[in-house]
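Engineer: Encoded as structure tokens, here's the structure I'll be asking about.
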């Protein structure tokens with residue numbers, strides 16, 4: 001069976017989500033850079049290249065501060081991908097320090113590496129106006145919903161045994177402002193600054209936008225759950241990942257998202273009442289709920305580890 005070889009949105013308008021707090025947050029981050037010794041960029045390991053805001057590279061990182069790239073949610077990609085990605089990121093973008101983490105795992109080795117790595121980089125760097133200070137300040141940044149606040153909380157809990165200091169959630173846009181410094185470690189004395197997730201003002205590439213949507217970096221309602229599920233289907237078919245077939249109750253793969261969602265809704269017993277042309281109430285498969293369920297399973301890793309940029 002042949003499947004789509006390229007993905008193009010049927011709508012003319014490109015995906016765009018840049019609410020006011022993002023522009024304000026970017027300015028606040030730039031203003032705080034003088035008091036920062038190291039920057040930690042957090043991104044979703046399933047999209048290691050897609051969606052990483054180029055504004056950060058020029059205005060936040062800028063090469064002047066030590067830079068650590070944390071690829072979070074490593075449990076949702078295959079283990080063998082990690083070394084390949086680290087090598088690719090160094091070759092293509094010159095990023096030397098790549099750490100893979102799972103912030104839901106208190107024993108994650110990647111999480112344990114971050115404080116010592118940041119301390120060593122700061123100690124061996126030129127701190128300019130902050131030379132001689134015993135304390136260090138680290139800014140954490142990235143696109144929405146990749147685990148920035150979760151990383152801060154797990155580090156704080158691991159080193160100080162204290163409760164969460166910053167709010168987290170499963171939807172994009174929970175952190176909406178640049179917060180005050182949060183103590184992460186006493187020895188060495190390190191503070192971290194949480195920041196709002198910030199995207200490009202306009203995501204011009206359709207497929208990049210859909211990858212961001214599929215992993216949850218955009219609000220689902222902005223793109224539409226059925227459209228997100230359609231991109232998931234396109235990507236899985238193109239990469240010969242047919243794990244969804246049995247789950248949704250089909251015999252064979254298909255390129256029709258309507259067929260997938262109707263079958264899945266029936267398998268789950270999801271129905272909604274509608275009026276037909278004669279004014280009668282009839283039951284129809286609830287494809288929207290089916291799409292939401294399917295997307296959640298993908299994000300939870302039920303179909304296996306996936307690198308959408310591979």
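Engineer: Would you be able to say whether some residue in region 172-186 is over 30 Å from residue 134 (Cβ atoms), within 11 Å of the chain's Cα centre (by Cα), in a loop (DSSP other than H, G, I, E, B) and at pLDDT below 70? Steps first, please.
Structural biologist: To start, the set of residues in region 172-186 that are over 30 Å from residue 134 (Cβ atoms) comprises 172-174, 176.
Those left that are additionally within 11 Å of the chain's Cα centre (by Cα): 172.
Filter once more, so that each one left must be in a loop (DSSP other than H, G, I, E, B): 172.
Next, only the ones that are at pLDDT below 70 stay: 172.
The answer is yes; a qualifying residue exists.
Engineer: Further question: Which of (1) within 30 Å of residue 7 (Cα to Cα); (2) at pLDDT 90 or above is the odd one out, the single condition residue 151 does not satisfy?
Structural biologist: (1)
Engineer: So, in region 73-95, exactly how many residues are more than 14 Å from residue 306 (Cα to Cα) and either in contact (Cβ under 8 Å) with a residue 24 or more places away in the chain or not in a loop (DSSP other than H, G, I, E, B) (or both)?
Structural biologist: Of the residues in region 73-95, the ones more than 14 Å from residue 306 (Cα to Cα) are 83, 86-95.
When the remaining residues are screened for being either in contact (Cβ under 8 Å) with a residue 24 or more places away in the chain or not in a loop (DSSP other than H, G, I, E, B) (or both), the result is 83, 86-93, 95.
The qualifying residues number 10.
Engineer: Here's something else I'd like to know. Of everything in region 8-34 that's touching a helix residue (DSSP H, G or I) at 6+ places or on another chain (Cβ under 9 Å) and surrounded by 15 or more Cβ atoms within 10 Å (Cβ to Cβ), which residue is modelled with the lowest pLDDT?
Structural biologist: Filtering region 8-34 for residues that are touching a helix residue (DSSP H, G or I) at 6+ places or on another chain (Cβ under 9 Å) and surrounded by 15 or more Cβ atoms within 10 Å (Cβ to Cβ), the one modelled with the lowest pLDDT comes out as 17.
Engineer: Here is a follow-up. For the structure I just gave you, tell me whether residue 42 is surrounded by 13 or more Cβ atoms within 10 Å (Cβ to Cβ), at pLDDT 90 or above, closer than 18 Å to residue 195 by Cβ and in contact with a helix residue (DSSP H, G or I) (Cβ under 9 Å, 6 or more places away or on another chain).
Structural biologist: Yes; evaluated as a whole, the condition is true for this residue.
Engineer: Still on this structure, I have one more. Tell me which of these residue 132 doesn't satisfy, since it passes every other one: (1) in a helix (DSSP H, G or I); (2) surrounded by fewer than 13 Cβ atoms within 10 Å (Cβ to Cβ).
Structural biologist: Against the list (1) in a helix (DSSP H, G or I); (2) surrounded by fewer than 13 Cβ atoms within 10 Å (Cβ to Cβ), residue 132 comes up short only on (1).
Engineer: While we're here: Based on this model, can you work out whether residue 62 counts as at positive phi, at pLDDT below 90 and surrounded by fewer than 20 Cβ atoms within 10 Å (Cβ to Cβ)?
Structural biologist: Details: at positive phi: yes; at pLDDT below 90: yes; surrounded by fewer than 20 Cβ atoms within 10 Å (Cβ to Cβ): yes.
It is true that residue 62 is at positive phi, at pLDDT below 90 and surrounded by fewer than 20 Cβ atoms within 10 Å (Cβ to Cβ).
Engineer: Next up: Among the listed residues 279, 224, 216, which satisfies the condition of being buried (at least 16 other Cβ atoms within 10 Å of the Cβ) and on the phi > 0 side of the Ramachandran plot?
Structural biologist: 216 is the lone residue from the list that is buried (at least 16 other Cβ atoms within 10 Å of the Cβ) and on the phi > 0 side of the Ramachandran plot.
Engineer: Still on this structure, please answer the following. Among the residues of region 99-121, is there at least one that is buried (at least 21 other Cβ atoms within 10 Å of the Cβ) and over 19 Å from the mean Cα position of the chain (by Cα)?
Structural biologist: Yes.
Engineer: Does residue 136 qualify as being in contact with a strand residue (DSSP E or B) (Cβ under 9 Å, 6 or more places away or on another chain) and closer than 20 Å to residue 156 by Cβ? Steps first, please.
Structural biologist: Numbers: in contact with a strand residue (DSSP E or B) (Cβ under 9 Å, 6 or more places away or on another chain): yes; closer than 20 Å to residue 156 by Cβ: yes.
Here the answer is yes, as residue 136 does meet what is asked.
Engineer: May I pose another question? Run residue 277 past the list (1) part of a loop (DSSP other than H, G, I, E, B); (2) under 28 Å from residue 209 (Cα atoms) and report the number of the one that doesn't hold.
Structural biologist: (2)
Engineer: When you scan region 77-84, do you find a residue that is at pLDDT below 90, out of contact with any helix residue (DSSP H, G or I) (no Cβ under 9 Å at 6 or more places or on another chain) and surrounded by fewer than 19 Cβ atoms within 10 Å (Cβ to Cβ), even just one?
Structural biologist: No, the conditions are met nowhere in region 77-84.
The values are calculated or read from the model by the stated rules, or taken from the named source; none is laboratory data. Everything numeric here is computed off the predicted structure, so don't read it as measured data. Cβ sites come from the backbone with ideal geometry, for glycine too, and all protein chains shown count toward neighbours.
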